[in-house]
Each structure stands twice: as C-alpha cells, then as structure tokens.
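Student: Okay, here's the structure, questions in a sec.
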Amino acid sequence: MLCDIITSLEGSVRPVVYLAEGLVNMGYEVAVVSPVILPEAELEMNRMGIKTANLNMKHFSSALDSSLLWFETWMYEALFKLNSRHEKNRFPAAINFSHVVFAPSTFWYLQGPPSTALGDISSQFPPGFKAAYSILKPIIDYLDGKVIKRAKEFSLFMIANSKFCASMYSKFGLKVHDIIYPPLDRRIFRPSTESPSEDYVLTYFGKETKFSVIKRIADLGVKIKAFGSKTLFINRDLLKHPNIEFLGKLSTEVLVDAYSNALFTLFPFTHEPFGYIPLESMACGTPTLTYGMQGPGEYIVDGESGWLVNDDASMVKKAIEIWRGGYPSKIRKRCVERSMAFDGEIYVERWLKLLDSFNVI
C-alpha cells in the first residue's frame, strides 16, 4: 500500500494503518510505502507486524509541522515527480492511499484534492499567507489537476472517503466507483464515564477551524476547552480569552476523557471531506454541533446524534441554546449507536470484499 508522509498514525494515515493492521491480524503480509516515515511511527507500525518501505525523501520543513511537510512532499511530486521516481515502481500497490507518491495500483483511495482544501481554508489565513496564496493559487490548481490526471492513469478503480469527497474529484473528471468511510477504533473511542461533567464545550484548533465563530460563542459566556496544535492560523488573542482553555495536543486517553465529559463538541470548519472529530465525539457519547454540509453532514443526524446548521449565525445561536438549556440524555446513547456503523472491523470487511472480488488477495 502507498501512503502519504507518516508523522503519526492518525489523520489521513489512519485508513491505511487500520486496514494494514487488520490484514496482518488475518495472516496477510502487508507493506506500506511512504516518502517520509518518522522513526516513532515506523517502530509502532513494525510492532503491529506491518512492514514499512521508507523512501526517506529529503525535506526542509520541520517534522513537527505535518501540514507544511506534506505540502513540501506534494510539491516535489507535482513539479518533478520526485517521490514516484524514487519509488521507481518497485512496489506495485494493491491500494494507493496517497496524493504524493504513485505507482501502478488497483485502487486509489481519495481523501480530498489539496487545491480544493486550500481554497476553502484560505479565508482563515493570516494576511501574509493569504497574499501569497492568491498569487500561487492558479499554479497550485494547475499542478493539482495534473497530479490527479496522472494518478488516474496509474489506478484502475477510485474509492472515496465520502460522497462529498467523490463530488470534488468528479470536477476533475474522475469516476468514483465506491464510497468507503474511514474507520473508527471503538475499542478506544467510547464513553469514559457514565456521569459526564458537561460543564464545558469541547472544540478543535486546526488549520480548518473557523476561529471567529468560536470567539463569538466564547464572548457570549460559553466555557470552551480547545485541543490541537498552535497553528499559524490561530488568533493569539483566542489563547488568552477568559472563556477558552487551550489544552494543546492531547494523548488519545486524555482526548477520550475530554470528549466524554463535554456537554457537546463544537466543530466550525472551513473544509472537511470526512471529519474524524465529530465521529470520535459521537463514539464517546457526546453530540457535535457543526454544519450540515461536506463530510460531517453525511453521518450526523440532526437532533439525534448532533445538530446541523447552515451558517455561522445559526451555529452561534444554537450553541447558546444548548449551553443554557441542555438536551435529552437519550442523545448520548444515540451518538454511540450511530458510531457503530464506522467501526474499524466493518471498514476492513468492506476492503476485504473489494480486494477479494478483484483477486488482489
């Protein structure tokens, strides 16, 4: 299997790792090829029995900023086909989970074109980044189209991680053959308590976050705890807001507890092909307030496993309403039930059927 850069086993790397681990546990031999694999992540994969082929591509971006490192490796591929040349078709792939390295493969798993993502999140860029992006946008769009066209020639079948994701690639002329939603390990993401404190709202700070919405909600008295990394996109005043406690990057165990005890999870995003955060929150029994569009709009049932709104003003209004009035306890139970459809075992079974039907395994 081909994969993007691997700095940890979360995010866009999760689909390949879950599948590889599942296949290894069934007795299959699996190798994952990536342009860059950090030592700790590689060691963890090897402990699972997953073989790794680290291309060790040279990079200038810090491994601590995975977004910049990913963009750098994507540029190498888009401009010079450098990653694929280094791979040299030594590893024909059953599945390509990557957007930065290519080789002949049966399936290409689509997780979102970078040009579309950048276009959506650019509204949250600091002024300097926004100016640079406006200049580079035509080049990035052209290169992304070129990469996708070449990737299409390498792969026989296209599988997308959501209906919304499939719609984005259709604009590039790709025919998506099936949808397989990313996996969730429900052995890990589950309620950590039967008596949640519900005295705060949990949110995420990242490059896709609409920070202005979070600030408006905090200004109206809602106590918010935020996790994530201190990205360049965060307004530093938010970190000093009296109603916002920034927790930083959390271990999985602490994150599960943070989800479980929150009244609800607030997820105002600019771009989200699928959205792990609302799903993880649901699995921990906590509903999410987000937009009724893109990935999260496909699996959250409004009023049953969360709330879907159409715009920022509606999100602020609904957040205050829930903070002050709460919601029926049965919603927490429905969240857990709804998350069962995304269990990692179901995800592996879907892939097994596809791989078997095309005699890949």
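Every read-out reported here was derived from the displayed coordinates using simple, explicitly stated rules and does not represent laboratory data. A quick note: this is a predicted structure, and the numbers were derived from the prediction, not measured. In this analysis, Cβ positions are derived from the backbone assuming ideal geometry, glycine residues included, and neighbour counts consider all displayed protein chains.
Student: Going by Cα centres, the stretch 290-361 and the stretch 44-70 are how many Å apart?
Tutor: 30 Å
Student: Could you size up the charge dipole of the stretch 219-361 around its Cα centre, putting +1 on the beta carbon of Lys and Arg and -1 on that of Asp and Glu, and report it in debye to the nearest 20?
Tutor: The calculation lands at about 440 debye.
Student: In debye, nearest 20, what is the charge dipole magnitude of the chain about its Cα centre with +1 on Lys and Arg Cβ and -1 on Asp and Glu Cβ, if you could check? Spell out each step's value before the answer.
Tutor: Details: 40 positive and 39 negative charges, 141 e Å.
Using Cβ point charges on Lys, Arg, Asp and Glu, the chain gives about 680 debye.
Student: So for the chain, taking the charge dipole from beta-carbon charges (+1 Lys/Arg, -1 Asp/Glu), which of MET48, PRO296, ASN25 sits furthest toward the positive end?
Tutor: Result: PRO296, furthest along the dipole toward the positive end.
Student: Which order do the peptides 141-147, 324-330 take when ranked by the mean count of other beta-carbon atoms within 10 Å per residue, highest first? Let's see the in-between values first.
Tutor: Values: 141-147: 16.6, 324-330: 10.3.
Going by the mean number of other Cβ atoms within 10 Å, highest first, we get 141-147, 324-330.
Student: Counting DSSP beta bridges in the chain, what percent are antiparallel, to the nearest 5? Can you show the working numbers first?
Tutor: Values: 1 of 38 bridges.
Percent antiparallel among DSSP bridges in the chain is about 5.
Student: Order of 191-199, 51-59 by packing, highest average Cβ count within 10 Å first? Please list the in-between numbers first.
Tutor: Details: 191-199: 12.8, 51-59: 15.6.
The most tightly packed comes first, giving 51-59, 191-199.
Student: Classify the stretch 112-184 from the C-alpha gyration tensor, please: rounded if a/c falls under 1.5, else prolate or oblate depending on whether a/b exceeds b/c. The partial results should precede the final answer.
Tutor: On the way: a/c = 3.17, a/b = 1.65, b/c = 1.92.
Oblate.
Student: Which value at 222 nm does the chain reach when only helices count, each DSSP H run of 4 or more adding -39,500 (n - 2.57), with the total divided by all residues and rounded to the nearest 500 deg cm²/dmol?
Tutor: On the way: 15 runs with 159 residues, N = 361.
Only helices count here, giving -13000 deg cm²/dmol.
Student: Rounded, prolate or oblate: which fits the stretch 112-152, taking a ≥ b ≥ c as square roots of the Cα gyration tensor eigenvalues, rounded meaning a/c under 1.5, else prolate when a/b beats b/c?
Tutor: Cα axes put the stretch 112-152 in the oblate bin.
Student: Under 8 Å for C-alpha pairs, at least 6 residues apart: give me the relative contact order for the stretch 201-341, rounded to a whole percent.
Tutor: Working: 246 pairs, mean separation 32.2, N = 141.
The value is 23 percent.
Student: Could you tell me which residue out of ALA117, GLY248, GLY206 lies farthest along the dipole of the chain toward its positive end? Charges go on the beta carbon: Lys and Arg +1, Asp and Glu -1, centred on the Cα centre.
Tutor: Of the listed residues, the answer is ALA117.
Student: Need one number: nm distance between label points at THR193 and LYS353, each 7 Å from Cα along Cα→Cβ, rounded to one decimal.
Tutor: Here the modelled spin labels are 4.0 nm apart.
Student: Report, for the stretch 201-341, the % of DSSP beta bridges that are antiparallel, rounded to 5.
Tutor: On the way: 1 of 20 bridges.
So the antiparallel bridges in the stretch 201-341 amount to around 5 percent.
Student: Once the principal axes of the Cα atoms of the stretch 201-341 are found, what is the range along each, listed largest first in whole angstroms?
Tutor: That gives 38, 31, 27 Å along the principal axes, largest extent first.
Student: Relative contact order for the chain: what is it in percent, counting Cα pairs under 8 Å that are at least 6 residues apart?
Tutor: 14 percent
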